[in-house]
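Student: Structure in structure tokens, see below.
The values are calculated or read from the model by the stated rules, or taken from the named source; none is laboratory data. Since the structure is predicted, the reported quantities are computational estimates derived from the model, not experimental observations. Glycine also receives a Cβ, built like all others from the backbone with ideal geometry; neighbour counts cover every protein chain displayed.
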Amino acid sequence: MDVFRIEGPVQLSGSVALSGSKNASLPMMAAMILAPGESSLAGVPRLSDIAVLSELLEQLGCRVDRSANGDLRVDSTTVDNPVGDYEIVRKMRASICILGPLLARCGRVEVSMPGGCAIGDRPINLHLRGLQALGARIRVENGYIVAETPKGLTGKEIFLGGSFGSTVLGTANVLMAATLAKGRTVIESAACEPEIADLANCLNKMGAKISGIGSPRLIIEGVKVLRPAQYRVIPDRIEAGTFMAAAAITKSELKLRNCRLDDMMAVVDKLRSIGATVERDADGCVVARSGAIKPADITTQPYPGFPTDLQAQFIALLSLADGNSVVIEKVFPDRFMHVAELNRMAANLLKEGPAVIVAGVKKLMAAPVMASDLRASAALVLAGLAAEGTTTVNRVYHIDRGYERIEEKLNPLGAKITRESV
Ligand code: UD1
């Protein structure tokens, strides 16, 4: 198992190219099931989550590989085993995004029920309700969801909001299934995340008829067939936000390339309010901080609100603020595994229900810490860059799920991170 040894504090400088979006790539890879033949996606990051979904697609009957230029090719000519195995789904919850496209393509699918994870229960009731509305018969058998469409899928008006707002992968599942349904589907309270807009744009390139893209009301006119496509995924806004926080926590200036600021205005707004500058340029932006970190209050929300996937990294940043901040988690109220670990690094965080009170401290101190989930681990790396001494982050495999060799991007900028196998 790999660990990181991070020497701090460091100052960063220079320019870094960000990868394509993991969360856009995953449902888009699943979407290729809908169009028999070979599709290719440019910009898909080399991450363990992508490898897991590739393996799952291969189990279904597809062929997945990288072409010489790095594009990810999915050949879905054959899909003859519509089963999402427990052994794979338990490794990555996002595997559930095969449910909608498999149902539309094969008329029957079995996918292991995803369990909970480090950030909470994570139900899939809305995915199932949406697919049932399109005509699927769904039951749970031996831990597997068995979905069938004896009469095919038929378009419907569906309200997809839940107690925590919209659902990203639930929207992806229903949207993908609806592209091949008979007639018109309207998804109300659809997720507006840029990754869903990107998926919808990709589906349209494959011949789907989706309008309202980027809004909470998606309208899908069902078509008979979709065709394979070539498509480039959008840049990863969560990786971008993590590097922005890295610049801010280390009092540095960084240029981010392949970054779409328009997808990140809630994050940019918070960075500015804590005293960082964010300037747009041709291919991305320049982020810098020189003065003190001002405290800020953050509430996570579905897009266009502040993303839950950057909550942990911003708690790390605010832990060095000149004053007290409050961070409220409205998407995954239990997503606070990093709090106890950051406190081990001399942060002063108090968790109270779905909120954390962040009392700013003058400095963080190195400690051995445990990565618990993808974004929580990124927060520990950021804290390690700013802390005095050598921080050891255990269970780095969590970080590798969502960041392409993060140490190889941070070290040329001035970080001192070594990866060791223990
Ligand atoms: C996706 C992202 C994840 C991000 C999350 C929220 C991917 C691969 N993952 O996860 O990184 O943190 O969006 O932006 O894109 N809910 C229900 N019932 C459901 C589905 C969800 O109650 O059927 C609840 C969840 O428990 C949560 C909220 O809705 O409280 C949002 O979850 P959702 O948007 O579905 O997250 P994911 O799509 O799994």
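Student: For the subset of the range 146-184 comprising residues that are among the polar types (S, T, N, Q) and within 13 Å of the ligand (Cβ to nearest atom), which member is nearest to the chain's Cα centre (by Cα)?
Tutor: Looking at residues that are among the polar types (S, T, N, Q) and within 13 Å of the ligand (Cβ to nearest atom), I get Thr167.
Student: Any residue at all in the range 219-236 that's basic (Lys, Arg), modelled with pLDDT of 95 or more and under 27 Å from Ala42 (Cβ atoms)?
Tutor: yes
Student: Is the range 332-339 home to any residue that is in the same structural domain as Ala387 (by TED's automatic domain parsing), in a loop (DSSP other than H, G, I, E, B) and in contact with a Ser or Thr (Cβ under 7 Å, 6 or more places away or on another chain)?
Tutor: yes
Student: Could you list all residues from the range 5-22 that are assigned to a strand (DSSP E or B), buried (at least 19 other Cβ atoms within 10 Å of the Cβ) and not β-branched (Val, Ile, Thr)?
Tutor: Gly8, Gly20
Student: Output the qualifying pairs, or none if there are none: Cβ atoms under 9 angstrom, residues six or more apart or on different chains, first residue in the range 307-333 and hydroxyl-bearing (Ser, Thr, Tyr), second residue near the ligand (Cβ under 10 Å from one of its atoms) and not in a loop (DSSP other than H, G, I, E, B).
Tutor: Sorted first by the residue in the range 307-333, then by its partner, the pairs are Thr308/Thr300; Thr308/Glu329; Thr308/Arg375.
Student: Kindly indicate whether any position in the range 140-148 is more than 20 Å from Ala31 (Cα to Cα), assigned to a loop (DSSP other than H, G, I, E, B) and assigned by TED's automatic domain parsing to the domain that holds Thr78.
Tutor: Yes, some residue in the range 140-148 is more than 20 Å from Ala31 (Cα to Cα), assigned to a loop (DSSP other than H, G, I, E, B) and assigned by TED's automatic domain parsing to the domain that holds Thr78.
Student: Do you know which residues across the range 332-354 are among the aliphatic types (A, V, I, L, M) and buried (at least 17 other Cβ atoms within 10 Å of the Cβ)?
Tutor: Across the range 332-354, the qualifying residues are Met337, Val339, Leu342, Met345, Ala346, Ala347, Leu349.
Student: Further question on the same structure: When Ser48 is evaluated against the numbered criteria (1) in contact with an Asp or Glu (Cβ under 9 Å, 6 or more places away or on another chain); (2) away from the ligand (no atom under 16 Å from the Cβ), which criterion, by number, is the only one it fails?
Tutor: With (1) in contact with an Asp or Glu (Cβ under 9 Å, 6 or more places away or on another chain); (2) away from the ligand (no atom under 16 Å from the Cβ) applied to Ser48, the lone miss is (2).
Student: Right, something else. Just to be sure I understand, how many residues within the range 314-341 are farther than 22 Å from Ala266 by Cβ and either at pLDDT below 95 or among the aliphatic types (A, V, I, L, M) (or both)?
Tutor: Selection size over the range 314-341: 2.
Student: Among the residues of the range 59-78, which ones are more than 13 Å from Glu38 (Cβ to Cβ) and crowded, with 18+ Cβ neighbours inside 10 Å?
Tutor: Correct list: Leu60 only.
Student: I'm checking my understanding of the structure. Among residues of the range 166-182 that are in a helix (DSSP H, G or I), polar (S, T, N, Q) and out of contact with any Cys (no Cβ under 7 Å at 6 or more places or on another chain), which one is farthest from Ser215 (Cα to Cα)?
Tutor: Ranking the qualifying residues of the range 166-182, first place goes to Thr179.
Student: Can you spot a residue in the range 250-264 that is surrounded by fewer than 21 Cβ atoms within 10 Å (Cβ to Cβ) and in contact with a Cys (Cβ under 7 Å, 6 or more places away or on another chain)?
Tutor: yes
Student: Glu341 is checked against (1) acidic (Asp, Glu); (2) free of Cβ contacts under 8 Å to residues at least 60 places away in the same chain; (3) within 16 Å of the ligand (Cβ to nearest atom) and fails just one. What number does that condition carry?
Tutor: Exception for Glu341: condition (3).
Student: Exactly one condition in (1) hydroxyl-bearing (Ser, Thr, Tyr); (2) touching a residue at least 40 places away in the same chain (Cβ under 8 Å); (3) within 16 Å of the ligand (Cβ to nearest atom) is false for Ser377; which is it?
Tutor: Going through the list (1) hydroxyl-bearing (Ser, Thr, Tyr); (2) touching a residue at least 40 places away in the same chain (Cβ under 8 Å); (3) within 16 Å of the ligand (Cβ to nearest atom), Ser377 breaks only (2).
Student: Quick test for you: out of Met370, Met365, pick the one residue that is in contact with a Gly (Cβ under 9 Å, 6 or more places away or on another chain) and not small (Gly, Ala, Ser).
Tutor: Met365
Student: Output the residues belonging to the range 293-325 that are surrounded by fewer than 21 Cβ atoms within 10 Å (Cβ to Cβ) and polar (S, T, N, Q).
Tutor: Those that are surrounded by fewer than 21 Cβ atoms within 10 Å (Cβ to Cβ) and polar (S, T, N, Q): Thr299, Gln301, Thr308, Asn324.
Student: Could I ask something else about it? Take the residues in the range 185-211 that are touching a helix residue (DSSP H, G or I) at 6+ places or on another chain (Cβ under 9 Å) and charged (D, E, K, R); name whichever of them is farthest from the ligand (Cβ to nearest atom).
Tutor: Filtering the range 185-211 for residues that are touching a helix residue (DSSP H, G or I) at 6+ places or on another chain (Cβ under 9 Å) and charged (D, E, K, R), the one farthest from the ligand (Cβ to nearest atom) comes out as Lys209.
Student: A further question on this structure: Which one of Ala240, Ala276 is more than 30 Å from Thr179 (Cα to Cα) and more than 16 Å from the ligand (Cβ to nearest atom)?
Tutor: One residue alone meets the criteria, Ala276.
Student: Still on this structure, I have one more. Going through Gly84, Gly135, Gly107, Gly143 one at a time, which residue ends up being in contact (Cβ under 8 Å) with a residue 24 or more places away in the chain and within 16 Å of the ligand (Cβ to nearest atom)?
Tutor: Testing whether each residue is in contact (Cβ under 8 Å) with a residue 24 or more places away in the chain and within 16 Å of the ligand (Cβ to nearest atom) leaves just Gly84.
Student: Next question. Select from the range 388-413 the residues that are part of a helix (DSSP H, G or I) and either free of Cβ contacts under 8 Å to residues at least 24 places away in the same chain or over 17 Å from the mean Cα position of the chain (by Cα) (or both) and list them in ascending order.
Tutor: If the condition is that a residue be part of a helix (DSSP H, G or I) and either free of Cβ contacts under 8 Å to residues at least 24 places away in the same chain or over 17 Å from the mean Cα position of the chain (by Cα) (or both), then Glu407, Glu408, Lys409, Leu410, Asn411, Pro412, Leu413 are the ones that fit.
Student: Same structure, new question: For the range 1-48, give me each residue that is of a type in the set (D, E, K, R), at pLDDT below 95 and within 19 Å of Ile96 (Cα to Cα).
Tutor: Within the range 1-48, no residue meets the criteria.
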